[in-house]
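Notes for the one structure printed next.
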Amino acid sequence: MSYRVKWNKSPNPQSGNQKEKLKLLKKIHANYIFPLWGLGGFYFNSKNEHGVHSPFVFDLVTKCFYASEFPIENSTYLSTNKLILKTIHYLNLKNCVRFDVLDKVPTTIDGLIVSSFSLNDFSIEKILPFCKNETCIFIENIHQTKANEKIWKRLHQHETITCSIETFNLGFLFIRKEQKKEHFIINPNKTITSRIFERIRF
């Protein structure tokens, strides 16, 4: 008569530590390395106003993005993003709301703010009944994660969107039937060349 001896494997404390280390590395990559890598790529590919051939976008960049003094009202539009507030004022977007309260709006909108928390539920088809020509859609944190970048790419490639602008933290989508489809990667801050050309401009 034979007996089989069963050995109880004791838990390896190192395996738990390795899992914790892996989780920490993934968190560091997602929160720090990936955004920094994306930021470097953005500055390499971005342009200032001198690389823009659209009169609408050129004026938006020079008269709004680069404007040092601009009246900003934060309480009305529920946003702390300075570039959003400047654009709302410059384009005179009177009826501007956030995406999460869009279903409570009975009329068409001039502007729409979409946070990263609402991005998974957002689609162009959902908002079309509320939009009109020259409606501006702000997409926050477009480069925060890989998933956000994929969604942003799908949105600005949508056939209804004729003009899109990408800054590192913010995306702009415009429905402008009079403009041919174009996508711009713009540095929202004045570069050295922008300041030089501003001084020598006659």
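Each value in this text was obtained by applying a stated rule to the coordinates, not by laboratory testing. Just so we're clear, the structure is a prediction, and the values are computed from it rather than from any experiment. With ideal geometry, Cβ positions are generated from the backbone for all residues, glycine too; neighbour counts draw on all protein chains shown.
Among the listed pairs K63/K146; K86/K153; K146/K181; K82/K150; K126/K177; K63/K180, those with a Cα-Cα distance over 27 Å are K63/K146. Spacing of the modelled spin labels on K146 and F56, each 7 Å from Cα toward Cβ, amounts to 3.4 nm. A cut-off of 5 Å between modelled amide H atoms, ignoring neighbours fewer than 5 places along the same chain, links C163 with F174, R176, E182.
Only Cα pairs under 8 Å and 6+ residues apart enter the sum, and on that basis the relative contact order of region 48-200 stands at 19 percent. Each peptide in 136-146, 103-113, 57-67 receives the mean, over its residues, of other Cβ atoms within 10 Å, and ordering these scores from highest gives 136-146, 57-67, 103-113. Couplings 3J(HN,Hα) of region 163-175, computed from phi: 9, 9, 10, 10, 9, 5, 9, 9, x, 10, 10, 10, 9 Hz, in residue order, whole Hz [Karplus 6.51 cos²θ - 1.76 cosθ + 1.60, θ = phi - 60°; x for Gly and Pro].
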